């Protein structure tokens, strides 16, 4: 008990007492290149839609200030001193509301605590918000409360762009459950692991079957959220080719693994009659044109897609680059929400058990070109529905042929059943000008392409 009191009340003493725990950073690997003791820094003062308020954070929490504007997202920027134990966390309590966010083992530096669940409690000036350590010490003194009003409502017309089947569900199931949404998946998901090799031993046939199964998943799982068939589409491009489409533009890139007689094989499964017979060419200009067609069709107020700097997956990066090109051609100003399903700083993001809020992914470069941050809250029923939607995606769970053969388990560190059904979904907000800057900076950073 004495150790815990010292750990909470003094960052310096906490670090001295916990020097041995710093060895936890040895657990880092190539999927976690971000140093756990570096600052996270989203340069909030540069975000045009951020309202920043200085507060005094002490060992037990802080008093809610008087000048907090109307907001849908509230973040506390503070300094994490040190952590101890497995799944170190900070718990927030206010009246009957209680929620938790997890941090890295052995982590320290600037971090962001999501306080958005306080908004519906009507917390007001002078109220004390209790913050309790569950293995994470913070620095007392001045901290920053950042608020954002993104004006996203159930009436918002939303277009969710998914590079693969299941990306829309991982990143934005709660958002598309509660807005007027269309979900458009770019690829069939016909690459990756040989999930169904026990059933289709021929490799080309197995990947054709995998693409068919995952295409149908992408077209049917959103029905669980109440979307109608005409709101769900798959463009039928090939998994693991989007970077190559850009690099070799305008050349045609074939399916890398699936044995296909008809290049448009995966597109035919769409419920949308026009799309199912639309001529298909697997090249970059066709992809951009298809995305422009979707923008024109949906006329969305909100576009949801990966952030190419924050997401390590090549298909995710170039799905975004193709969309940004289409958006610039289209030329209409919209709100753009960017996500990461494969955080470049740490593939295990979001951290800790799934009861914890998904914080911001690790990053500390001023090149994200954001206007704001949006934390979309999911109630318990939405979290349950999201878990079921993820379970319905074949590629997120081991395939068991029920023949006595060994089924390889999924590493819990990277399991989307842990990472996905959180109390919130985090999006980085930008606009048409922002995606132009992101596209230019990303392509300049990859000059060999």
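Each value in this text was obtained by applying a stated rule to the coordinates, not by laboratory testing. Because the structure is predicted, anything quoted here is derived from the model rather than measured. Ideal geometry is used to build each Cβ from the backbone, glycine not excepted, and the neighbour counts take in all protein chains shown.
Things to note:
- Between helix 167-177 and the chain: long-axis angle, C-alpha atoms, 0 to 90°, nearest 10: 70 degrees
- If you plug the beta carbon distance of residue 417 and residue 128 into 1/(1 + (r/R0)^6) with R0 = 51 Å, you get a FRET efficiency near 0.90.
- Considering only 78, 349, 46, the Gaussian network model of the chain with Cα springs below 10 Å gives its largest mean-square fluctuation to 46.
- Kirkwood radius for region 256-328, taken over all pairs of different Cα atoms as the inverse mean of 1/r, rounds to 13.8 Å.
- With 0.36 nm allotted per residue and the present C-alpha distance subtracted, the residue 39-residue 441 stretch has 142.5 nm of extension available.
- Overall form of region 328-369 per C-alpha gyration tensor (a/c, 1.5; a/b vs b/c): prolate
- The angle separating the long axis of helix 380-391 from the principal Cα axis of greatest extent in the chain is about 40 degrees.
- Anisotropy class assigned to region 311-399 is prolate, per the alpha carbon gyration tensor with a/c at or over the 1.5 cut-off and a/b larger than b/c.
- Model label points for residue 332 and residue 30, set 7 angstrom from Cα along the Cα-to-Cβ axis, are 4.3 nm apart.
- Secondary structure note: in the chain, about 70% of the DSSP beta bridges are antiparallel.
- Gained length - residue 252 relative to residue 52, 0.36 nm times residue gap less alpha-carbon distance: 67.1 nm
- Springs join every pair of Cα atoms under 10 Å in this Gaussian network model of the chain, and among 185, 144, 215 the largest mean-square fluctuation is at 144.
- Whether region 157-445 is rounded, prolate or oblate, judged on the alpha carbon gyration tensor where a/c under 1.5 counts as rounded: rounded
- Net lengthening on full extension, residue 194/residue 410 (0.36 nm per residue, minus Cα-Cα): 76.4 nm
- Modelled label positions at residue 278 and residue 91, each set 7 Å beyond Cα in the direction of Cβ, lie 5.0 nm from each other.
- Largest GNM mean-square fluctuation across 356, 420, 193, computed for the chain with C-alpha springs under 10 Å, falls on 193.
- Based on the Stokes-Einstein relation at 20 °C and a viscosity of 1.002 mPa s, and on the Kirkwood radius from alpha carbon pairs, region 193-249 is assigned a translational diffusion coefficient of 162 µm²/s.
- Rg followed by Dmax, in Å, when region 289-341 is reduced to its Cα trace: 10.8, 30
- Expressed in units of 2.2 N^0.38 Å, where N is the residue count, the Cα radius of gyration of region 158-288 is 1.03.
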